[in-house]
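To start, the structure under review is shown below, and the notes come after it.
The values are calculated or read from the model by the stated rules, or taken from the named source; none is laboratory data. Note that the structure is a prediction, hence the values are computed from the model and not measured. Cβ sites come from the backbone with ideal geometry, for glycine too, and all protein chains shown count toward neighbours.
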């Protein structure tokens, strides 16, 4: 971290909003006008709409993340967390990945912390649940599912086989429906390589408290998606929720009970709880309260956007409506926010954020999807292969940086000619285990031998002392 006499623009969060806002500020800023500092626990931004495809092995994990230091070459990038902010002193407390916490002064603040998984006090959830908010979780889910197929193929214990081949997904929104669609697709392909595992033995269960799935694309396309998943053998339970999952024993409110080693939790998101330590006005659900110019209400130096902010939706024409938390709004809000930070720093009027929804797309596995595309007041509804093409085209173009766009499209192109990889690399989660198992006995033997030698040397010494006495 460098010290500077220039004003500091502190960007808290390196996600979609943080990355694009910082890029916009750096682009619009005059040379030497200010210092841009980005703080995030990770040194990369994750494009979350691609996590289901990453979990299914259609896209390489490294291709869905954007390294902050490469993209924001003219900014300071600090790997750590902002634990609290003193608005009166304009000082943020930074907890780095190593070392003691320290204070960092700022002149302007951008809050772009995004959201975290919304969970409930369900017994066993913390121990057995798998989230889908980061690329690490997507990799872990892929390795875990393939490891379950390995187990089922290698054991004769029927109870263990049933647990291994039962996959429970909680949440029927974009994340849940897309993830179960992609994972079911992958498992179906992988089953052809396992002589003792058939798709008919697998049990995929999708649970949601709402009356339908994929509410983002509307009831008709949501119903088509529901019917499509059921045709593929997915059990869907709507209007219910999970009571407990202790020891992998899943109990639903509708009375269904199953044993499963795989529980994927995608039941929504909520603003980062640390926002309560920032001294900012928050809405009823914990979002930062901002105006139409994305400036935090009651301040003249703080802006916020994305999943951690409640942004008025001017395009809806409805009073009290807020923009939904999706990548489409985050990208456009980030650009307006970046422009407004520069305008606010220079004392110019700030622009208002207004964006008409362009629709929504969702992929449910290879060549399967739904899409709602808006052209003004007209909406076009697509399903099946054509919708899947729109899904890939839209998100492929929305992927940040040309470098990542090329890599993602290259993955898709190779996937047209090469078979999907079905290798579980679960050992990467504990890479030192094998070395430890090899080294520990040798180390223990050496320590025992050393202790024995020490006792041998000490014994004659003790006898000599007794004789002299």
Quiz item: Residues of the range 81-94 being surrounded by 18 or more Cβ atoms within 10 Å (Cβ to Cβ) and without any contact (Cβ under 8 Å) to a residue 60 or more places away in the chain, which ones?
Solution: 94
Self-check item: Restricting the range 286-311 to residues that are within 25 Å of the chain's Cα centre (by Cα) and without any contact (Cβ under 8 Å) to a residue 60 or more places away in the chain, the residue that is surrounded by the most Cβ atoms within 10 Å (Cβ to Cβ)
Solution: 294
Quiz item: If you scan the range 389-413, which residues turn out to be without any contact (Cβ under 8 Å) to a residue 24 or more places away in the chain, surrounded by 15 or more Cβ atoms within 10 Å (Cβ to Cβ) and farther than 18 Å from residue 52 by Cβ?
Solution: 405
Quiz prompt | Sole residue being touching a residue at least 12 places away in the same chain (Cβ under 8 Å) and more than 29 Å from residue 121 (Cα to Cα), chosen from 212, 225, 239 | solution = 225
Quiz prompt | The lone exception for residue 132 - which of (1) part of a loop (DSSP other than H, G, I, E, B); (2) outside the structural domain of residue 369 (by TED's automatic domain parsing) it fails | solution = (2)
Quiz item: Yes or no: residue 248 surrounded by 17 or more Cβ atoms within 10 Å (Cβ to Cβ) and on the phi > 0 side of the Ramachandran plot?
Solution: yes
Quiz item: Given (1) in contact with a helix residue (DSSP H, G or I) (Cβ under 7 Å, 6 or more places away or on another chain); (2) at pLDDT 80 or above, where does residue 429 come up short, assuming only one miss?
Solution: (2)
Quiz item: From the residues in the range 225-282 that are in a helix (DSSP H, G or I) and touching a helix residue (DSSP H, G or I) at 6+ places or on another chain (Cβ under 9 Å), which one is nearest to residue 114 (Cα to Cα)?
Solution: 275
Quiz item: Does at least one position in the range 96-118 carry a residue that is closer than 20 Å to residue 174 by Cβ, surrounded by fewer than 15 Cβ atoms within 10 Å (Cβ to Cβ) and in contact with a strand residue (DSSP E or B) (Cβ under 9 Å, 6 or more places away or on another chain)?
Solution: yes
Quiz item: So how many residues does the range 368-414 have that are more than 22 Å from residue 67 (Cα to Cα) and assigned to a loop (DSSP other than H, G, I, E, B)?
Solution: 4
Quiz item: Hey, any hits in the range 160-176 for a residue that's outside any loop (DSSP other than H, G, I, E, B), without any contact (Cβ under 8 Å) to a residue 60 or more places away in the chain and farther than 21 Å from residue 366 by Cα?
Solution: yes
Quiz item: Somewhere in the range 363-386, is a residue closer than 17 Å to residue 183 by Cα and loosely packed, with under 15 Cβ neighbours inside 10 Å?
Solution: yes
Quiz item: If only one of 57, 13 is under 16 Å from residue 108 (Cα atoms), within 17 Å of the chain's Cα centre (by Cα) and crowded, with 20+ Cβ neighbours inside 10 Å, which one is it?
Solution: 13
Quiz item: Right, residue 219: surrounded by fewer than 17 Cβ atoms within 10 Å (Cβ to Cβ), over 19 Å from residue 147 (Cβ atoms) and out of contact with any strand residue (DSSP E or B) (no Cβ under 9 Å at 6 or more places or on another chain) or not?
Solution: yes
Quiz item: Are any of the residues in the range 193-206 surrounded by fewer than 17 Cβ atoms within 10 Å (Cβ to Cβ), in the same structural domain as residue 165 (by TED's automatic domain parsing) and under 26 Å from the mean Cα position of the chain (by Cα)?
Solution: yes
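Here's the yes/no breakdown for (1) in contact (Cβ under 8 Å) with a residue 40 or more places away in the chain; (2) in a loop (DSSP other than H, G, I, E, B):
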| residue | (1), (2) |
| --- | --- |
| 5 | no, yes |
| 19 | yes, no |
| 25 | yes, no |
| 51 | yes, no |
| 55 | yes, no |
| 59 | yes, yes |
| 73 | no, yes |
Exercise. Considering (1) closer than 25 Å to residue 272 by Cβ; (2) surrounded by fewer than 17 Cβ atoms within 10 Å (Cβ to Cβ); (3) not assigned by TED's automatic domain parsing to the domain that holds residue 22, say which one residue 321 fails and leave the rest.
Key: (3)
